[in-house]
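Chemist: My structure is below; once you've seen it, I'll send some questions.
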Amino acid sequence: MVTKAVEFIKSKITGDFEIGIILGSGLGTLGEKIDNPQYVDYADIPNFPVSTAPGHVGRFIFGTLNGKKVMCMQGRIHLYEGYEVQNVVMPIRVMKMMGVKKLIVTNAAGGINESFDVGDIMVITDHINFTGKNCLIGKNDDCFGVRFPDMSFGYSPELSKVAFKCAERLNMNLRQGVYIGCTGPSYETPAEIRAFRIMGADAVGMSTVQEVIAANHCGIDVLGFSLISNKAAGLSGERLTEEEVLTIGRQKSEEMQTLITEIVGEI
Ligand code: HPA
């Protein structure tokens, strides 16, 4: 399944791409910073899932960012779209076969940690997979990795260090914390958010955890960022809307772009 997709991409794009980037809700404009871009629409790739989520374009961008060859997903695949978990992580395996060794994942998330403000950027230090699924269930594909991959360093401490160093240089303030991944598409209830806080989560979203499991399985180092687009359910007294998530994404995307561009130059 993955091989066919990769063969198709390689028929259009040549070269190895060392860094993969996944752009989350409202953050897709980073794709515009990529030099000499070449685009491949998901819809054209054999066997490839198409992202239907709002704020997600649905294509790969191949090119150069700050001197490094990058492969960028402008739009990701979510469980709530109805895809099987194997489809959600297929892009990660495609990235692996295109040469990717380091992956930068971004997402929009609700802030559970009450010291977080809307607009904060959180470096993900670890995650809680609350989706009830695991992309590695089923026959293990030994070509990608082992049956029981370790997740102790699921988010690379070395890459996080680089992120903090770059943020300091740019005079930007970063938070850090644990991301809890749910399937959505309903937002969480206030009771769930209270439970998640007790479990040790700082931010909640509907993506990322499966991608990070697949990346660790196949030996790709991960750096993750959550843009805190809203306070999680029950914390602000307001209703949650998708519009605010996308709006904050657009407002902060310039800052995220600057940070990611700087980091890409260093890793
Ligand atoms: N919950 C889940 N996913 C999200 C949220 C949230 O509050 N904000 C942005 N994505």
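Throughout, read-outs are computed from the coordinates displayed, never taken from laboratory work. Just so it is clear, the structure is predicted and the values come from calculations on it, not from any experiment. Note that we place each Cβ from the backbone using ideal geometry, even for glycine, and neighbour counts take in every protein chain shown.
Chemist: Compare the peptides 159-170, 249-260 by average per-residue count of other Cβ atoms within 10 angstrom and give them in order, highest first. If you can, show how the numbers build up before the last one.
Modeler: On the way: 159-170: 16.3, 249-260: 18.7.
So the peptides 159-170, 249-260, ranked by packing, come out 249-260, 159-170.
Chemist: Using every alpha carbon pair in the chain, what percent of pairs falls into each 5 Å bin from 0 up to the bin containing the largest distance?
Modeler: Percent of pairs per bin, in order: 1, 6, 14, 19, 21, 18, 12, 6, 2, 0, 0.
Chemist: In whole Hz and in residue order, list the ³J(HN,Hα) couplings for segment 96-105 that follow from phi through the Karplus curve 6.51 cos²θ - 1.76 cosθ + 1.60, θ = phi - 60°; x for Gly and Pro.
Modeler: These are the phi-based 3J(HN,Hα) values: 4, 6, 8, x, 5, 10, 10, 10, 10, 10 Hz.
Chemist: Ignoring everything except DSSP H segments at least 4 long, calculate the 222 nm mean residue ellipticity for the chain; use -39,500 (n - 2.57) per segment, divide by total residues, nearest 500. Spell out each step's value before the answer.
Modeler: Details: 6 runs with 81 residues, N = 267.
My calculation for the chain gives -9500 deg cm²/dmol from helical runs alone.
Chemist: Using the Karplus equation 6.51 cos²θ - 1.76 cosθ + 1.60 (θ = phi - 60°), what ³J(HN,Hα) coupling, rounded to whole Hz, does each residue of segment 115-122 give in order, writing x for Gly and Pro?
Modeler: 7, 7, 9, 4, x, 5, 10, 10
Chemist: Let me ask something else. Given Leu27, Met1, Tyr39, which one lies farthest toward the positive end of the charge dipole of segment 1-62, if we put +1 on the Cβ of every Lys and Arg and -1 on the Cβ of every Asp and Glu?
Modeler: Met1
Chemist: If we count every other residue with Cβ under 13 angstrom of Ala5's Cβ, Lys/Arg +1 and Asp/Glu -1, where does the sum land?
Modeler: On the way: positive: Lys4, Lys10, Lys12, Arg93, Lys96; negative: Glu7, Asp41, Asp44.
Its environment carries a net charge of +2.
Chemist: State, to one decimal in nm², a quarter of the convex hull surface area for the C-alpha atoms of segment 65-124, i.e. the direction-averaged projected area. Before the final figure, lay out the partial values.
Modeler: Values: hull surface 23.5 nm².
Projected area, direction-averaged: 5.9 nm².
Chemist: Under 5 Å between amide hydrogens, which residues at least 5 positions from Gln176 or on another chain qualify, with H placed 1.01 Å from N in the peptide plane?
Modeler: Val123
Chemist: Just to check I understand the Karplus step: with θ = phi - 60° and J = 6.51 cos²θ - 1.76 cosθ + 1.60, what whole-Hz values come out for segment 2-10, glycine and proline as x?
Modeler: Once rounded to whole Hz, the list reads 5, 4, 4, 5, 5, 4, 4, 4, 5.
Chemist: To test your reading of the geometry: what angle, between 0 and 90 degrees and rounded to tens, separates the Cα axis of helix 242-266 from the longest principal axis of the chain?
Modeler: 60
Chemist: What is the calculated FRET efficiency for Thr29 to Ser186, with r their C-beta to C-beta distance and R₀ = 30 Å, to the nearest 0.05? The partial results should precede the final answer.
Modeler: On the way: r = 27 Å, r/R0 = 0.91.
The calculated FRET efficiency here is 0.65.
Chemist: Given Cβ point charges of +1 (Lys, Arg) and -1 (Asp, Glu) and nothing else, what value in debye, to the nearest 20, does the dipole of the chain about its Cα centre take? Display every interim value, and only then the final one.
Modeler: On the way: 25 positive and 31 negative charges, 99 e Å.
Dipole about the Cα centre, nearest 20: 480 debye.
Chemist: Over 31 Å between C-alpha atoms is what I'm after, so list which of Lys101/Lys139; Lys165/Lys231; Lys12/Lys68; Lys33/Lys231; Lys139/Lys252; Lys4/Lys69 land there. Write out the running numbers ahead of the final one.
Modeler: Values: Lys101/Lys139 24 Å; Lys165/Lys231 27 Å; Lys12/Lys68 19 Å; Lys33/Lys231 29 Å; Lys139/Lys252 41 Å; Lys4/Lys69 22 Å.
The answer is Lys139/Lys252.
Chemist: Where q = 0.18, 0.22 Å⁻¹, what log10 of I(q)/I(0) comes from the Debye formula for segment 132-252, counting one point per Cα?
Modeler: -1.12, -1.33
Chemist: Thinking of segment 7-125 as a set of Cα atoms, what percent of all their pairs are more than 23 Å apart?
Modeler: Numbers: 2108 of 7021 pairs.
Tail of P(r) above 23 Å: 30 percent of Cα pairs.
Chemist: So how compact is segment 58-175: Cα radius of gyration and Dmax in angstrom?
Modeler: In order Rg, Dmax, the Cα atoms of segment 58-175 give 16.3, 47 Å.
Chemist: Would you work out the charge dipole size for segment 95-168 about its Cα centre, treating the Cβ of every Lys and Arg as +1 and the Cβ of every Asp and Glu as -1, and quote it to the nearest 20 debye?
Modeler: Details: 8 positive and 9 negative charges, 90 e Å.
With only Lys, Arg, Asp and Glu charged at Cβ, the dipole is about 440 debye.
Chemist: Identify the GluC sites (Glu not before Pro) of segment 5-48 meeting these criteria: DSSP loop state and at most 16 other C-beta atoms within 10 Å of the C-beta.
Modeler: Numbers: sites: Glu7, Glu18, Glu32; in loops: Glu18.
Within segment 5-48, the qualifying GluC sites (Glu not before Pro) (loop, at most 16 other Cβ atoms within 10 Å) are Glu18.
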